[in-house]
Each structure stands twice: as C-alpha cells, then as structure tokens.
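Beneath this line is the structure, given in structure tokens, with notes to follow.
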Amino acid sequence: MDEFSLENKVAVITGGAGAIGSATAHLLAKRGARVLLADVNREAAESIARHVQGAAIEADLSSPVDCQKVIRVCVEKFGKLDLLINNVGICPRRSILDSSEEDWDKIVGINQKSMFFCSQAAIPELRKTKGRIISVASYAGRAGAAVDACIYSGTKGAIIAMTKAMARELAPEILVNAVAPGPVESDLVRGVSPERLQQISASIPLQRLARPEEVAASIAFLASPAASYLTGMTLDVNGGWCMT
Ligand SMILES: NC(=O)c1ccc[n+]([C@@H]2O[C@H](COP(=O)([O-])OP(=O)(O)OC[C@H]3O[C@@H](n4cnc5c(N)ncnc54)[C@H](O)[C@@H]3O)[C@@H](O)[C@H]2O)c1
C-alpha cells in the first residue's frame with residue numbers, strides 16, 4: 001500500500017479558495033481524495049473545485065452555524081468525512097495601538113473560532129471514520145509576528161495549543177495536528193513592503209519564502225497513512241526560519 005495515498009478519503013478544506021487552500025485541494029485530489037472547498041469567495045472556490053473535480057460551498061466560517069452547514073453538506077454530498085483541514089485565516093496588518101475591538105472580533109472569529117467550531121461540528125463524523133483534523137497555524141504563533149500582527153499571532157498560538165488539547169481529548173479515534181508555515185508567497189504577505197520581504201527572505205536559512213505547494217505537501221503528509229503515529233504536533237514549514 002502507498003503510505004501517502006489518500007484514495008477514498010473525503011476532505012473539507014476551509015479557506016479553500018486561497019493560496020494554501022487551493023494548493024492543498026490540488027494535492028489531496030491528486031492523491032485520490034474528494035474535496036469540499038468552503039470559502040466566503042464562492043466564485044473562486046467553485047473554479048478550483050471544477051479543476052479538482054470536487055465541490056464548493058459558500059460559508060462565513062466565523063459563524064458556528066456555517067461551520068455546521070459545511071460539515072452537513074460534505075456528508076450529504078460525499079457520504080462521510082475523513083479529513084478536516086482548518087486552513088481559513090486572515091492577517092490584517094495593524095499596530096497594537098491602531099487595533100480596535102472590531103479587529104479583535106474579526107481576526108479571532110475567522111482564525112480561531114472557526115478552527116474550534118468546524119472541529120466541533122466535524123467530530124461526530126470523524127469518529128465514524130477514524131479521521132483527522134489538520135489546522136494551519138503559523139510561525140507567528142510560535143515566535144510572534146514582527147510586523148503589525150499581534151492579534152493574528154495570538155490566534156495562531158491558540159491553534160497550536162488547541163491542537164494539543166483536541167489531540168488529547170479526541171485520542172485514540174481522531175488524530176489532531178497542525179502545520180506552522182513561515183511566510184508564504186501569497187496575498188497574505190501582500191501588505192508587507194518589498195524591502196521588508198527581501199529582508200525576511202535573506203534571514204531565512206533557505207533564503208526564500210515558501211511556495212503554497214510546500215505547505216500543502218506537509219498537510220498531505222499529516223493526512224496520510226504515513227503519519228499514523230503523530231498527534232498533538234505542529235510541523236514547522238518555515239525553511240529553518242524559526243526553529244522550535
Ligand atoms: N501566507 C502566509 O504567509 C502564511 C503564513 C503562515 C500561515 N498562514 C496561514 O495559512 C492559512 C491560509 O493562508 P493563505 O496564505 O492561503 O491566505 P489567502 O488569503 O490566500 O486565503 C484565505 C482564504 O480564506 C478565505 N476567507 C477569508 N475569510 C473567510 C471567512 N470568514 N469565511 C470563509 N472563508 C474566508 C478567503 O476568501 C481566502 O480564499 C491562513 O490560516 C494563514 O494564517 C499563511
């Protein structure tokens with residue numbers, strides 16, 4: 001048996017229309033999985049779903065009701081759920097002094113609350129399939145982002161901690177892991193100036209940002225039979241930038 005095959009698996013990918021989400025959809029589909037992309041951007045999600053012969057659903061994942069809807073639709077369409085990829089996230093750049101309560105609610109709602117409530121909605125289905133939860137944290141949750149992203153860093157640290165708590169509570173049926181990317185070539189780093197991005201690249205031992213496909217490869221590994229004895233861990237995908 002191919003230790004990396006995802007044949008006959010069904011995956012939900014939140015934020016599936018974005019850089020890392022779409023790269024993950026392509027790789028999981030290539031390895032044999034059927035994927036449901038959940039995103040607030042329906043048009044983009046549908047276009048990617050067509051390419052990977054999957055399905056798309058419009059959802060605001062900061063709403064627990066929409067998290068429930070996504071899991072329900074997945075089971076209606078594909079009959080089960082094996083893999084929940086909690087990938088959705090935003091990173092508005094604001095200094096601490098410029099950040100408002102509205103910023104807090106929005107960033108925590110999309111990054112952290114969605115991870116909890118999508119997981120909660122998925123657990124009954126994942127128990128049936130001995131499935132997995134894989135969440136996308138960030139180096140910022142390990143080390144704190146250097147550029148105007150304090151609230152974001154907090155949500156990513158929370159994802160790392162909740163991954164451990166879920167792994168303990170849901171063992172042995174459901175494996176729960178995360179990846180913590182460093183800066184990735186994507187819209188999310190678009191708010192950072194080119195000079196700063198160059199500085200960042202120069203300070204990464206591998207001398208460049210990650211490609212979304214490289215983050216997807218780690219997610220696909222954690223989803224695969226090869227990762228059957230891993231739970232509660234966060235895999236750093238950061239070119240050696242932040243060694244923990
Ligand atoms: N890009 C990076 O440098 C980087 C680094 C570390 C971690 N990450 C994390 O990786 C994940 C994916 O990031 P990305 O770079 O692919 O971002 P992206 O902006 O390309 O994609 C995010 C997707 O989430 C969707 N989205 C936003 N709000 C939503 C909501 N309320 N409900 C549903 N969907 C919503 C967007 O439409 C978009 O398709 C995020 O959790 C991010 O924090 C990214």
Checking A149 against (1) under 30 Å from R127 (Cα atoms); (2) touching a Lys or Arg at 6+ places or on another chain (Cβ under 8 Å); (3) within 13 Å of the ligand (Cβ to nearest atom), the condition it does not meet: (1)
Using the structure shown, decide if A29 is assigned to a helix (DSSP H, G or I), away from the ligand (no atom under 11 Å from the Cβ) and either modelled with pLDDT of 95 or more or among the polar types (S, T, N, Q) (or both). yes
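Answer yes or no: is there a residue in segment 109-126 that is among the β-branched types (V, I, T), within 14 Å of the ligand (Cβ to nearest atom), buried (at least 24 other Cβ atoms within 10 Å of the Cβ) and at negative phi.
For segment 109-126, residues among the β-branched types (V, I, T), within 14 Å of the ligand (Cβ to nearest atom), buried (at least 24 other Cβ atoms within 10 Å of the Cβ) and at negative phi: absent.
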Kindly indicate which of A167, A226, A216 is in a helix (DSSP H, G or I) and in contact with a helix residue (DSSP H, G or I) (Cβ under 8 Å, 6 or more places away or on another chain). A216
Inside segment 161-206, can you point out the residues that are free of Cβ contacts under 8 Å to residues at least 60 places away in the same chain and among the acidic types (D, E)? E169, E173, E195
Can you tell me which of (1) within 12 Å of the ligand (Cβ to nearest atom); (2) in contact (Cβ under 8 Å) with a residue 40 or more places away in the chain; (3) under 30 Å from D148 (Cβ atoms) is the one D66 doesn't meet? (2)
Could you grab me the full set of residues in segment 73-87 that are within 16 Å of the ligand (Cβ to nearest atom), over 15 Å from the mean Cα position of the chain (by Cα) and of a type outside the set (V, I, T)? C74
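Only one of S153, S138 is within 24 Å of A19 (Cα to Cα) and within 13 Å of the chain's Cα centre (by Cα). Can you tell me which?
Details: S153 fails: within 13 Å of the chain's Cα centre (by Cα).
Exactly one residue qualifies, and that residue is S138.
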Odd one out for V179, checked against (1) within 16 Å of the ligand (Cβ to nearest atom); (2) in a helix (DSSP H, G or I): (2)
When you go through (1) of a type in the set (A, V, I, L, M); (2) in contact with a helix residue (DSSP H, G or I) (Cβ under 6 Å, 6 or more places away or on another chain); (3) more than 10 Å from the ligand (Cβ to nearest atom) one by one for I90, which number turns out not to apply? (3)
1 or more residues modelled with pLDDT under 95 and of a type in the set (G, A, S): qualifying strands (runs of 3 or more DSSP E) within segment 45-145: none
Out of the residues in segment 5-26 that are over 14 Å from S47 (Cα atoms) and near the ligand (Cβ under 8 Å from one of its atoms), which is surrounded by the fewest Cβ atoms within 10 Å (Cβ to Cβ)? T14
Might you check whether a residue that is touching a strand residue (DSSP E or B) at 6+ places or on another chain (Cβ under 8 Å), buried (at least 20 other Cβ atoms within 10 Å of the Cβ), touching a residue at least 40 places away in the same chain (Cβ under 8 Å) and in a helix (DSSP H, G or I) occurs anywhere in segment 36-44? no
Any chance R190 is near the ligand (Cβ under 10 Å from one of its atoms), surrounded by fewer than 23 Cβ atoms within 10 Å (Cβ to Cβ) and more than 23 Å from S63 (Cα to Cα): yes
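The values are calculated or read from the model by the stated rules, or taken from the named source; none is laboratory data. Just so it is clear, the structure is predicted and the values come from calculations on it, not from any experiment. Cβ atoms come from the backbone with ideal geometry, glycine included; neighbour counts cover every protein chain shown.
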